[in-house]
Amino acid sequence: MRKVSLEQKPRYISLPKHHDRVEIPRISPLHDSDTLTRDNWRNKETISHVNFSMSSDEMGENSVLNQCESPLMLRTGSMMPGITLDGEVFQLSKTEIFDAIIHILSCSALDNPNYLTIIKDSPNGTLQFILHFIEKKSCEQIYKERAVLLKCLYSSNMCSEKQKSNDVHMINLTGTLSTTWETCLDNEPSLYCAYECELCGSYITLLPVLTVDTNLILRKGFEALNEGLHFYHYLTKVKCQQEGCPEMCTVTAYPNFHICIYLDVRRNDRSHTKIQCKLQNFPKTLELKSLPGQYRLQGIVSESSDRTVAYCLRAEDHWELYDGYSMIVETFDSSGVINPCGAIYIRT
Ligand SMILES: [Zn+2]
């Protein structure tokens, strides 16, 4: 869980528009105790100001599209030539999990006008990229925009080498669904947790993804996701997250408009392998304990042999497979077996 900040005299304001105006304390980043937090905030500031505009020179390069390819699919970075930005070449690799998130959230925005409206208001760079992707489809400019965004988000993963006359910058996105969501949707987490501490006052932590009770899922399967989800609207006696504070706090959790559930459910035997399931095993609606309203299943991020792919549940209630290596959208039977690493739901 990432610490956001602490303010001595908390002021009370509303959460962002989409939170039904629940009054919770406002905080501003005063101090952060670890490098990761500081880097994340710095990234956030950078990403909010990413400029996607391209010069006409840059637009003409890197022809990568095939007429037969699906217009709403991103080709995986390692299958593409380097992208030239301001005369420098960027080679992306391991973009599959990032692309899977983009594919699921793009389908969500296309199928759900409310979600589209919400992401239009978000300052998050990845969500803004999704709006551009829906508008412009898979094209050279979109691949440049992906490179611009990932260059900002993954600057610490970049390494450079001299090749012929150019410096080539390699950006490797190695990570899990959980770390990818945290990096790319840093200011649009799955959950906001409002802490009340007698010593420290009020502050908020962001929870990028939700997790599950793995023993319960192993026993009952993903059909029991509602029951097995680690979500509690109100908790007491939670240890204060501020460094060195011994107090126990009350915590109120506010789910965001989208929820990513990290599913690293492994067998309890020696193999320790991830469990398989069928797409139809996942509940199509999620109800969060003690809260009104529902969330609808939008997609599953899954590992498929040597790659990560996205299964998107479209409005017509059929599944589509998005694989950035094949570039052809295929309908997928809900009885097909998959290796899930996460599920994405959005508020209905
Ligand atoms: Zn405290």
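Here are the numbers:
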| item | result |
| --- | --- |
| N268 versus R307: modelled label distance in nm, points set 7 Å from Cα along the beta carbon direction | 3.6 |
| For E287, solvent-accessible area (1.4 Å; no DNA, RNA or ligand), Å² | 110 |
| Residue-count net charge about L229 - beta-carbon cut-off 12 Å; Lys, Arg +1, Asp, Glu -1 | -2 |
| Residues N226 and I328, FRET efficiency given R0 of 41 Å [Cβ-Cβ distance, rounded to 0.05] | 0.75 |
| Exposure rank, largest accessible area first [D269, D86, D213; 1.4 Å] | D86, D269, D213 |
| Over 27 Å (Cα to Cα) - which of K144/K274; K94/K162; K220/K289; K237/K274; K136/K278; K137/K274 fall in this group | K144/K274; K237/K274; K136/K278; K137/K274 |
| Heavy-atom accessible area order for V329, V337, V148, largest first, 1.4 Å probe | V337, V329, V148 |
| Ranking by accessible area, most exposed first, for T179, T205, T348 with a 1.4 Å probe | T348, T179, T205 |
| Contour minus Cα-Cα distance for A315 and Q163 (0.36 nm per residue) | 50.0 nm |
| Segment 226-256 versus segment 297-325: alpha-carbon centroid distance in Å | 32 |
| Distance in nm between pseudo-label sites at K284 and S93 (7 Å out along the Cβ direction from Cα) | 4.1 |
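The values are calculated or read from the model by the stated rules, or taken from the named source; none is laboratory data. Please read all numbers here as calculations on a predicted model, not as lab measurements. Virtual Cβ from ideal backbone geometry, glycine too; neighbours counted across all protein chains shown. Side chains are part of the model used for accessible areas, which takes the heavy atoms of the whole protein and leaves out ligands, DNA and RNA. Shrake-Rupley method; radii C 1.70, N 1.55, O 1.52, S 1.80 Å.
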